[in-house]
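Take a look at the structure set out below.
The values are calculated or read from the model by the stated rules, or taken from the named source; none is laboratory data. Everything numeric in this text was worked out from a predicted model, so none of it was measured. FYI the Cβ positions are ideal-geometry reconstructions off the backbone, even for glycines, and counts take in every protein chain you see.
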Amino acid sequence: MSNLLDIENLWVKFPTRNGIFDAVRGVSFSLGKERLGIVGESGSGKSMTGRAILRLIRSPGMVTADKLDLEGVDLLGRSEKEMRGVRGKQISMIMQDPKFSLNPVMRVGQQISEAYRLHAKVSKSEAKRKSIEMLEAVAIRDPERVYNMYPHEVSGGMGQRIMIAMMLIPDPKIMIADEPTSALDVSVQMQVLEIMDKLVKDRGMGLIFISHDLNLVSSFCDRVLIMYAGRVVETLAADKLHEAQHPYTQGLLNSLPRLDAPKDRLQVLQRDPAWADEPSVSA
Amino acid sequence: MSEILIEDLNVWFGEYEERVDAVKGASLSVSKGGSFGLVGESGSGKSTILRAIMGLAPTWDGRMEVGGEPLGPKRSRTFYRKVQMVFQDPYASLHPRHSVDQVLSETLSLHGFKDIDTRITKLLDDVGLGPSFRFRYPHQLSGGQRQRVAIARALAPEPEVLLLDEPTSALDVSVQAEILNLLTDLRDEHSLTYLMVSHDLAVVGHICSDIAVMQLGEIVETLTIDDMRAMRTQHSYTKHLLESSLLGAKLA
Amino acid sequence: MSVTKPSSQGLRAWLLADTPTSRRHAKLSVVYQSWLSFKGNHMAMFGLGILLFLVVIAAAAPLLAPQDPFIQDLSERLLPPGSEGYILGSDSLGRDILSRLLYGSRITLYIVTLVAIIAPIAGLFVGTVAGYAGGWADVILMRITDIFLAFPRLVLALAFVAALGAGIENAVLAISLTAWPPYARIARAETLTIRGSDYINAVRLQGAGPLRIITKHIWPLCISSLVVRVTLDMAGIILAAAGLGFLGLGAQPPSPEWGAMISEGRKFILDHWWVATMPGLAIFTVSLAFNLLGDGLRDVLDPKEGKS
């Protein structure tokens, strides 16, 4: 078993007044020590897929799958208590906006130490040493000072780097990053991505990078899944994005305005209802 | 003659020690029928300039003119008939309890129009929404449809100038393309003047012919879109912005 | 009946239509959808049922009451529940407790309705004006609110009644005067968040004045949270009215107000428990019903909860 994660036929369902709504419909993929991008528009089920892996779908939402294995061991059958041991320690998740992920009344350093001590039995001073080391690893200058700062005192980019430090400190095997840079300015985005990239590579982790930005994902990942209406419509090697076959992927690429290739009218994506009915491509 | 003229504009919030200068000595000019873009990162003061023009930022000095008339501390209803604004987030710019019909008919009646029914149908048609959308509430609309309603509201008083505050940043890329196409069509049909704010150089580049780059409240450089595409820029910050936004596009 | 079934299904579809065809249609379908989500909350429906039952009782009190609530019969005094002709027993003057409770529901409803109209409207008015105007108007209005809030509610109500004279109308007035400040606070807090939103900016950019913005754009959004709060407060208001009655400052004897009835029963509470217990149970039931209803309404109306 060389795969970190194996998913077969994953469904996420939400009961509504008008019947059951399927947010994710039969998604299958496996993840090795690689960077996998999941791209789609809002409502495509990309975030739900990420949450379903960590079993973070709240009731009445339901997750079913033929297979949801972490290193060959089933995740779906585990109790909520066992899942708590998985979250953070084996699979961690970075959300979109650091403003909402960091506790506003706790110093950032304390939050990192605590995250570490939750999974590793170490002394407070050891945890602090390790946290400062981690802050250094995410390219924060003067980590001692930042350790004692409150979340409102740090910028968005720094906040997201702190989140990365916090998520990586228990040394997880897989990191799920859900739109980790969409709340950041373009110039900061690249820096945060580079740091994340380096850490993931150095530690031999698997990364699932969820984003709406096709270009960003392709420049950053090894493989890309394109999701539409809860299904994977196409899977591509990231450097072969321009060879995309599916009209949806092509449409997405062509609808972007390009600074280097101006045109009078942007191509508008014509949605074909048949796309939603095609079987999900497995990857 | 320029339709919008801004000279040495300062906008600040708070007084004395708490004073924060959002815009410092900004000058720009947009010709009639032209499209001007303001680019910068969050907190650079680009949206504040739009708000100052619309009278939503009360403390400012300097000179602002629209259509040759200098702006004072208050805006009249005739000003709002001439200049309208589209907000960034269509999820926040529509009243959650008002239907599309209510939004448009209130706007039209505030501006003293009589033939409200026919105008609503026309407006919905202009922004590419059919009459079936007329009695829907915002929660029954997608993000792109909401932004179309917001654009219809801005078009209702038949303005000459439209200020666009990141009109597509909250939308999916495929919807962004639809809205950008709509904006170019409307500009041609209604001979509008645009002043657009965005953090996305490609979006601004698609709509605008002249672009000002803002950093920390100041306009650091004003250049044409051709100069920008050719990377003919003087300022290091502009270069930095261009490089980071071209990076993704090059790989594709 | 056979005709209504298909048409009621047609009505349901019409009400749930995605594309309403007229203003009225759109309004009705919004109301119907709120009703559907309210209906799903069984406890709230239970509360609503009790309150509807109370309204029916109050309306039909003369028909339902076995006896005249004011007729005294000293030979039949303090009969226990279940005595012949006195299902819930009789009080110290031989009056039928059931009949008095039935008539008393009218007084309770009267008080509740008046307070529920006066207090939130006053609060809404003060709160939204203070919140939207800001500056000095805000400071002055909110300090007045603070002064009212600084007194314990019942003590302040007592002072008002003492000054105005005892009686139901004055009790209503006193309770309303003590009840509005929290609503003003809520309305102001809501207004402050709504005031800065883009949809308010958007109407300002159409040249709308403050009066229009407050009444047409801010009020509709404040009202739902006020309705929830009023419903949840209703139990307290009923208790305050009962408390004033109990202290002899609300409804005057021989009026069958529930609080006054408990007050009269107090003297016999050890030997004849039912005299005070029956009106006590009535107050308890109605208060509970309002609380359940308020909880359900919060789920439906409060935009912060539920759909996000």
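Values as computed for the structure displayed
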| item | result |
| --- | --- |
| Conditions (1) at positive phi; (2) at pLDDT 85 or above; number of the one not met by A:Ala139 | (2) |
| Strands (runs of 3 or more DSSP E) contained entirely in the range B:26-109, each with at least 3 residues that are under 24 Å from C:Tyr199 (Cα atoms) and within 14 Å of chain C (Cβ to nearest Cβ) | B:83-86 |
| Residue that is nearest to the other protein chains (Cβ to nearest Cβ), among those in the range B:152-183 that are more than 30 Å from A:Met227 (Cα to Cα) and in a helix (DSSP H, G or I) | B:Arg153 |
| Within the range B:139-151, tally of residues that are at the interface with chain C (Cβ under 9 Å from one of its Cβ atoms) and surrounded by fewer than 22 Cβ atoms within 10 Å (Cβ to Cβ) | 2 |
| Among residues of the range B:184-196, those that are assigned to a strand (DSSP E or B) and within 14 Å of chain A (Cβ to nearest Cβ), counted | 1 |
| Number of positions in the range A:243-283 that are surrounded by 11 or more Cβ atoms within 10 Å (Cβ to Cβ), more than 26 Å from the chain's Cα centre (by Cα) and away from every other protein chain (no Cβ under 12 Å) | 1 |
| Filter result for the condition that a residue is out of contact with any Lys or Arg (no Cβ under 8 Å at 6 or more places or on another chain) and more than 14 Å from chain B (Cβ to nearest Cβ), over C:Glu257, C:Glu190 | C:Glu257 |
| Odd one out for C:Phe246 among (1) over 21 Å from C:Ser92 (Cβ atoms); (2) within 25 Å of the chain's Cα centre (by Cα) | (1) |
| In the range B:197-216, the residues that are among the β-branched types (Val, Ile, Thr) and in a helix (DSSP H, G or I) | B:Val203, B:Val204, B:Ile207 |
| Any hit, the range C:133-146, residues being more than 14 Å from every other protein chain (Cβ to nearest Cβ), at pLDDT 90 or above and closer than 30 Å to B:Ala156 by Cβ | yes |
| Hits in the range B:125-134 - residues which are more than 8 Å from every other protein chain (Cβ to nearest Cβ), without any contact (Cβ under 8 Å) to a residue 60 or more places away in the chain and part of a helix (DSSP H, G or I) | B:Asp125, B:Pro131 |
| Number of positions in the range C:204-217 that are touching a helix residue (DSSP H, G or I) at 6+ places or on another chain (Cβ under 8 Å) and more than 7 Å from chain B (Cβ to nearest Cβ) | 6 |
| Matching residues in the range C:228-280 - criterion: being among the polar types (S, T, N, Q) and in contact (Cβ under 8 Å) with a residue 40 or more places away in the chain | C:Thr231, C:Gln252, C:Ser255 |
| Close pairs (6 angstrom Cβ cut-off, 6 or more residues apart or separate chains): free of Cβ contacts under 8 Å to residues at least 40 places away in the same chain in the range B:189-214, not in a loop (DSSP other than H, G, I, E, B) anywhere | B:His206/B:Leu180 |
| Residue within the range A:184-197 that is touching a residue at least 24 places away in the same chain (Cβ under 8 Å), charged (D, E, K, R) and closer than 14 Å to A:Pro98 by Cβ present | yes |
| Odd one out for C:Pro220, checked against (1) free of Cβ contacts under 8 Å to residues at least 40 places away in the same chain; (2) over 23 Å from the mean Cα position of the chain (by Cα); (3) within 14 Å of chain B (Cβ to nearest Cβ) | (2) |
| Test result for C:Ile71, over 19 Å from C:Ser255 (Cβ atoms) and surrounded by fewer than 22 Cβ atoms within 10 Å (Cβ to Cβ) | no |
| Residue in the range A:79-88 that is crowded, with 16+ Cβ neighbours inside 10 Å, in contact with a Pro (Cβ under 8 Å, 6 or more places away or on another chain) and either closer than 15 Å to A:Met175 by Cα or charged (D, E, K, R) (or both) present | yes |
| Spans of helices (runs of 4 or more DSSP H) in the range C:8-66 with at least 3 residues in contact with a Leu (Cβ under 7 Å, 6 or more places away or on another chain) | C:23-39, C:42-59 |
| Close pairs (9 angstrom Cβ cut-off, 6 or more residues apart or separate chains): of a type outside the set (Lys, Arg) in the range C:110-136, not in a helix (DSSP H, G or I) anywhere | C:Ile111/C:Gly250; C:Ile111/C:Ala251; C:Ile111/C:Glu257 |
| Contacts under 6 angstrom Cβ, first residue in the range B:135-152 being over 15 Å from B:Gln102 (Cα atoms), partner in a helix (DSSP H, G or I) and of a type in the set (Val, Ile, Thr), 6 or more apart | B:Gly144/B:Val175; B:Gln147/B:Ile179 |
| Flag if C:Ala61 is farther than 25 Å from B:His139 by Cα, among the small types (Gly, Ala, Ser) and either touching a helix residue (DSSP H, G or I) at 6+ places or on another chain (Cβ under 7 Å) or at pLDDT below 80 (or both) | yes |
| Tabulated pairs, the range C:32-56, first at pLDDT 90 or above, second among the charged types (D, E, K, R) and in a helix (DSSP H, G or I), C-beta under 7 angstrom, 6+ apart or interchain | C:Met45/C:Lys39 |
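Each row is one residue, and each column tells you yes or no for (1) within 18 Å of the chain's Cα centre (by Cα); (2) farther than 17 Å from C:Pro69 by Cα; (3) of a type outside the set (A, V, I, L, M, F, W, C).
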site	(1), (2), (3)
C:Ser83	no, no, yes
C:Leu88	no, no, no
C:Ser105	yes, no, yes
C:Thr113	yes, yes, yes
C:Gly123	yes, yes, yes
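Quick grid of which residues meet (1) touching a Cys at 6+ places or on another chain (Cβ under 8 Å); (2) among the charged types (D, E, K, R); (3) not in a loop (DSSP other than H, G, I, E, B):
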residue	(1), (2), (3)
A:Phe14	no, no, yes
A:Gly37	yes, no, yes
A:Glu41	no, yes, no
A:Ser44	no, no, no
